[in-house]
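**Student:** Before I ask anything, let me first share the structure, which is written out below as C-alpha cells.
The values are calculated or read from the model by the stated rules, or taken from the named source; none is laboratory data. Bear in mind the structure is a predicted one, so any value in this text is a computation, not a measurement. Neighbour counts are summed over all protein chains in view; Cβ atoms, including those assigned to glycine, are modelled from backbone coordinates with ideal geometry. Areas reflect the complete protein model, heavy atoms only, side chains present, ligands, DNA and RNA absent. Shrake-Rupley method; radii C 1.70, N 1.55, O 1.52, S 1.80 Å.
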Amino acid sequence: MSGAVDFCGLALEHPVINASGTFDAIAAQRVFGDALLADFPFSAFVSKTITLEPRAGNPPPRIYEVAGGMINSIGLPNRGLAGYLEHDLPSLAALPVPLIVNVMGSVADEVVQLVEAVDARAEIAAIELNVSCPNVKTGLDIGADPDELARLLAAVRPRTRKPLIVKLTPNTADVARVAVAAEASGADAVSLINTLRAFAAHSTRPGAPWLGGGTGGQSGPAVRHVALAQIAAVARRVTIPIVGMGGIQNGRHAREALDAGACIVAVGTESFRDPLAGQRIARELAAPRV
Amino acid sequence: MTWTAASAPLGRRRITVSDRRTYGAYGVLVLADTNGPDPQPGQFYMLAAVERWGGGADERPFLPRALSVLRAEPGRAHFMLEDVGPGTDRLLELAVGDDVWLLGPLGQGFQPPEEGRRAILCGGGVGTAPLAILEDALRAAGTASVALLGFRDAPHAQGAALLGDPRVATDDGSVGHHGRVTELLSAELDADPHAVVYSCGPPPMLEAVRAICEARGVPAQLALESGMACGFGACYGCVVPTRDGSYIRVCVDGPVVDADRLDTALVAGAGH
Ligand SMILES: Cc1cc2nc3c(=O)[nH]c(=O)nc-3n(C[C@H](O)[C@H](O)[C@H](O)COP(=O)(O)OP(=O)(O)OC[C@H]3O[C@@H](n4cnc5c(N)ncnc54)[C@H](O)[C@@H]3O)c2cc1C
Ligand SMILES: Cc1cc2nc3c(=O)[nH]c(=O)nc-3n(C[C@H](O)[C@H](O)[C@H](O)COP(=O)(O)O)c2cc1C
Ligand code: FES
C-alpha cells in the first residue's frame, strides 16, 4: 500500500490511525489472536485517555444509537497512569506500529506528572493531550478557552521532547482560536474533532437522560461535516500538522478531511462497525481518484 | 471437561442468508458461514445487513447488533430474533440470498456442569437462543439436562420448538404452566438441588433466577445482555457492575458470567 507519511517525525506506513478510546488493541488481540498483529489496521496506535488515578467510568447505559452515529458517556475508564505503564504498555509495545499515548488531567500539575512519566518511556512515540476536560479550579473547559490552554501548555510543553498533539474540543465558540493558542504554546500538532456534546432523552421519564452519565458526546458520520468545517477553519490559521477525525467511514471521507487541511486522519466509530476499517480506508485512500 | 471460547477470525465477513424460518413471534436466520470456527455455546456474533442498514425507525440502525448463536452445524450458524426495534426488524426482513456482515464468534460462553450435577436450562423469550446450542452440546457430551422456558403468550411459546422437550410457562396461561418460568425452576430445585442452572432472558427474569440460585446455594451461569456498540472490547459501552465493585465488559468478559460475580442481573439500558 502506498501513502507513507511523516507525521511529527513519526514515519507512518499510511495516513490512517485510530481515534483515542475507540480501539482496545489488547482486547482485540484476545478476541482475534495474533492475526491482529500481522494485519494491524492502523499506522499508529493511540491509547484510550489515561488519567493519573484509575477511573471506573460512568454507570451504564453508556451508549445511545442515533441517526448516522452514536452518543457515548463512557466516562474515560482506565487503570490510571501506574496501571497503564505496568500492565498495558508492555503488550502495546509489541504492536507493529508507533504508540501514541493520550492523557488528561484536571489541573496542570496532574498533566505535568502524566507527561513526565510518559516522556520517560522509550516505547512511546508521541503524546496526545485530551483537553476536553473542565479545569476543576476554574470550571472552564481547558480546551474551550485559548488562555486556559496556553497556561496549561506553558507548564507541560517544557517537560517532554516527544511530539505533543493537542486534541481540541469542538464544544467551543471558536476552535481555530484555541488551535492558534496551541501552536503558539509549542504544540507539535492538533487533532480534531472530539465528540460533540449531546443529549439522549430517557424513553419513559420525561426530561431525564437515557445515559448513565447524563449528557454524552456524539460521533460517527452524523458529525462528519461539522468536523470538516472545523478542520478547515483550523487549517487556515495554523501551520502545524492536523489529525483530522469525525465520522470518517471510507476513503472518500478520509480524502475530504485531508483536502480540508489534515495531514493524517483518525478513525473512531467506524471501527465498531468494521474492526478493520482503518486498513480498508487506507487502501481506499491509496486507490487512484475516480 | 471445559469448553473453550472459539476465537473470531479477524474482521467482519460477508455471509449469505441460506434459510429463513418462522416460529410464531420469532424468526430464525440461517447463515452460510462456511469458513467460520465452531462457536462455544453462549457465544454471540455481531450482525448487520449489508444493504439498507439504516433508514428504519429514527433513521436507525447504525451499529451492528449482538445475537446469540442459536445452533451451529458445519458451515452454518443459526440465529433467533424477535422484532423489538429497527435492527432486528431489518434483519428479519432479509430473505434467502441476501448478505449480512458477520463478526464472531465473540465472548465467553457456558461451561459444562461439574461431574455429577445435572443441568437445568432456564430461559425466557428470545433468551431461548443460547440454550438451544447448549442443549445440543450437553446431549453430545452425554450430560442430562432439563429445559424450562417462559414466554408471554402462545405465539411466543412457539419458540419452545427450538429445544428438545422443554417445559413451558406462559404469562397468560395459554400454553403450559400459567405463571413464571422461575416457579418451574424453584420446583425443579426443590425436587433435586444437585444441579447447575444455565439461564438467559429478560433482566427481571435473570435476576429472579440469580436470587433463587443464590438463596439455595446452587451454581448458576447467566448469559447477560447489554447495549453494545462493537462486541470486541473496543468501546467500553457494554459494562455491567460486579460484586467486587468493578465493571466488566459483557462482550469480552461475558456474556456468560457466574452468577456469584453479580449483586444483581438487572442491567441498565438492556433488554426489552
Ligand atoms: C450478547 C447478546 C446476545 C443477544 N442475543 C440476541 C438474540 O439471540 N436474539 C435477539 O433477538 N436479540 C438478542 N440480543 C439483543 C439485541 O442485540 C438487542 O435487543 C438489540 O438492541 C436489538 O436492536 P433493535 O434495533 O432491534 O432494537 P433497539 O431499538 O435497539 O431496542 C432494544 C432495546 O435497546 C434499548 N434502546 C432503545 N433505543 C435505543 C437507542 N437509540 N440506543 C441504544 N439503545 C436503545 C431499549 O432498552 C430497547 O428495549 C442480544 C444482545 C446481547 C448483548
Ligand atoms: C466510545 C467512544 C470513546 C471515546 N473515548 C475517547 C477517549 O478516551 N479520549 C479521547 O480523546 N477521545 C475519545 N473519543 C473521541 C474519539 O477519539 C473521536 O474524537 C470522536 O469519536 C470522533 O471520531 P469518529 O466520529 O470517527 O468516532 C471516544 C469516542 C467514542 C465513540
Ligand atoms: S460492546 Fe464495545 S466494549 Fe463491549
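**Student:** Take the Cβ-Cβ distance between A:ARG236 and A:ALA67 as r, set R0 to 41 Å, and report the resulting FRET efficiency rounded to the nearest 0.05.
**Tutor:** Using R0 = 41 Å, I get an efficiency of 0.85.
**Student:** With Kirkwood's inverse mean 1/r over C-alpha pairs for Rh, give me the Rg to Rh ratio of the stretch B:13-106, two decimals please.
**Tutor:** 0.93
**Student:** Moving to a separate point now. Only Cα pairs under 8 Å and at least 6 apart count here; give the relative contact order of chain A as a rounded whole percent.
**Tutor:** Over chain A, the number comes to 20 percent.
**Student:** Give me the accessible area buried between chains B and A, both sides summed, with a 1.4 Å probe, in Å² rounded to the nearest 100.
**Tutor:** Chains B and A together bury roughly 3000 Å² of accessible area.
**Student:** Roughly speaking, to the nearest percent, how much of the stretch A:210-282's 1.4 Å accessible area is carbon and sulfur?
**Tutor:** Taking all protein chains in place, the stretch A:210-282 shows 51 percent carbon and sulfur surface.
**Student:** Based on DSSP, what percent of beta bridges with both residues in chain B are antiparallel, to the nearest 5?
**Tutor:** Once the DSSP bridges in chain B are tallied, antiparallel ones form about 60 percent.
**Student:** Same structure again: Taking amide H positions as placed in the peptide plane 1.01 Å from N, state which residues far from A:HIS202 in sequence (5 or more) or on other chains have amide H under 5 Å from it.
**Tutor:** Amide H to amide H, under 5 Å and 5 or more residues apart or across chains, A:HIS202 pairs with A:GLY207, A:ALA208, A:TRP210.
**Student:** Among B:GLY11, B:GLY123, B:LEU138, which residue has its Cα positioned farthest towards the positive end of the charge dipole of chain B, with +1 placed on the Cβ of Lys and Arg, -1 on the Cβ of Asp and Glu, and the dipole taken about the Cα centre?
**Tutor:** B:GLY11
**Student:** Springs between alpha-carbon atoms under 10 Å, Gaussian network over chain B: tell me which of B:GLY233, B:GLY116, B:GLY179 tops the mean-square fluctuations.
**Tutor:** The residue that fluctuates most here is B:GLY116.
**Student:** Mind checking the dipole of chain B: about its Cα centre, +1 per Lys or Arg Cβ, -1 per Asp or Glu Cβ, Debye to the nearest 20?
**Tutor:** Charge dipole of chain B: 480 debye, to the nearest 20.
**Student:** Give me a comma-separated list of calculated 3J(HN,Hα) values for the stretch A:226-240, in order, Karplus coefficients 6.51, -1.76, 1.60 applied at θ = phi - 60°, integers in Hz, x for any Gly or Pro.
**Tutor:** 5, 4, 4, 5, 6, 4, 5, 5, 6, 4, 5, 10, 10, 10, 5
**Student:** Could you run the Karplus curve 6.51 cos²θ - 1.76 cosθ + 1.60 with θ = phi - 60° over the stretch B:222-239 and give me ³J(HN,Hα) per residue in whole Hz, x for Gly and Pro?
**Tutor:** My calculation for the stretch B:222-239 gives 10, 8, 8, 10, 6, x, 10, 9, 10, x, 10, x, 8, 9, 6, x, 9, 6 Hz in order.
**Student:** Of A:ILE100, A:SER191, A:PHE32, whose Cα points farthest to the positive end of the dipole of chain A (charges on the beta-carbon: +1 Lys, Arg; -1 Asp, Glu; origin at the Cα centre)?
**Tutor:** Selected residue: A:SER191.
**Student:** Let me ask something else. Please give the charge dipole size of the protein assembly as shown, origin at the Cα centre, charges +1 on K and R Cβ atoms and -1 on D and E Cβ atoms. Round to the nearest 20 debye.
**Tutor:** Charge dipole, the protein assembly as shown, about its Cα centre: 1100 debye, nearest 20.
**Student:** Hey, rough spin-label estimate for A:GLU86 and A:ARG255, points 7 angstrom out along Cα→Cβ, what's it come to in nanometres?
**Tutor:** 5.0 nm
**Student:** Mind listing the long-range amide H neighbours of A:LYS48? Cut-off is under 5 Å, sequence gap 5 or more, other chains count too, H placed in the peptide plane at 1.01 Å from N.
**Tutor:** So A:LYS48 has HN proximity to A:GLY21.
**Student:** Turning to a different aspect of this structure: Take A:GLU53, project a point 7 Å from its Cα along the Cβ direction, then tell me which residues of the stretch A:152-181 have their backbone nitrogen under 11 Å from it.
**Tutor:** Answer for this model: none.
**Student:** Now, a different point. Per residue of A:270-280, count partner chain C-beta atoms within 10 Å of its C-beta, then hand back the mean as an integer.
**Tutor:** 5
**Student:** OK, next. With the other protein chains left in place, how much accessible area per residue, in square angstrom, belongs to the protein assembly as shown at a 1.4 angstrom probe?
**Tutor:** 38 Å²
**Student:** Quick one: grab the alpha carbon gyration tensor of the stretch B:149-272, order the square roots of its eigenvalues as a ≥ b ≥ c, and give me rounded if a/c is under 1.5, else prolate or oblate depending on whether a/b is larger than b/c.
**Tutor:** Here the stretch B:149-272 falls in the oblate category.
**Student:** Need the per-residue list for the stretch B:229-245: every residue with at least 20 Å² less accessible surface in the complex of protein chains than in the chain by itself, probe 1.4 Å, sorted by number.
**Tutor:** Relative to the lone chain, where solvent access is computed with a 1.4 Å probe, the stretch B:229-245 loses at least 20 Å² at B:ALA229, B:PHE232, B:ALA234, B:CYS235, B:TYR236, B:GLY237, B:VAL239.
**Student:** To continue, here is another question. Which FRET efficiency value, to the nearest 0.05, is calculated for A:PHE199 and B:ALA57 with the Förster distance at 22 angstrom and r the Cβ-Cβ distance?
**Tutor:** E between A:PHE199 and B:ALA57, to the nearest 0.05, is 0.70.
**Student:** For B:THR4 paired with B:ALA187, estimate the spin-label separation in nm (one decimal), with each label point 7 Å from Cα along the Cα-to-Cβ line.
**Tutor:** 4.2 nm
**Student:** What distance in nm separates the two pseudo spin-label positions at B:GLU114 and A:ARG161, each 7 Å out from Cα along the beta-carbon direction?
**Tutor:** A separation of 5.9 nm, rounded to one decimal place.
**Student:** Shifting gears a bit: Find which of B:PRO204, B:GLY179, B:PRO155 sits farthest along the positive direction of the dipole of the stretch B:142-236, computed with +1 on the beta-carbon of Lys and Arg, -1 on that of Asp and Glu, about the Cα centre.
**Tutor:** B:PRO204
**Student:** Let me spell out the model: positive unit charges on the Cβ of Lys and Arg, negative unit charges on the Cβ of Asp and Glu, origin at the Cα centre of the stretch B:118-261. What dipole size does that give, in debye rounded to 20?
**Tutor:** In total the dipole reaches around 200 debye.
**Student:** Add -39500 (n - 2.57) for each DSSP H run of 4 or more in chain A, then divide by its residues: what number comes out at 222 nm, to the nearest 500 deg cm²/dmol?
**Tutor:** -8000 deg cm²/dmol
**Student:** Right, another one. Between A:ASP119 and B:ASP260, what FRET efficiency follows from the Cβ-Cβ distance if R0 is 45 Å, with the result rounded to 0.05?
**Tutor:** Efficiency at R0 = 45 Å is approximately 0.55.
**Student:** Check which residues have an amide H placed less than 5 Å from B:ARG76's amide H, if you skip close sequence neighbours.
**Tutor:** Close amide H contacts, sequence-distant or interchain: B:ASP33.
**Student:** Next up: Roughly what % antiparallel, to the nearest 5, for the DSSP beta bridges in chain A?
**Tutor:** The antiparallel proportion sits near 40 percent.
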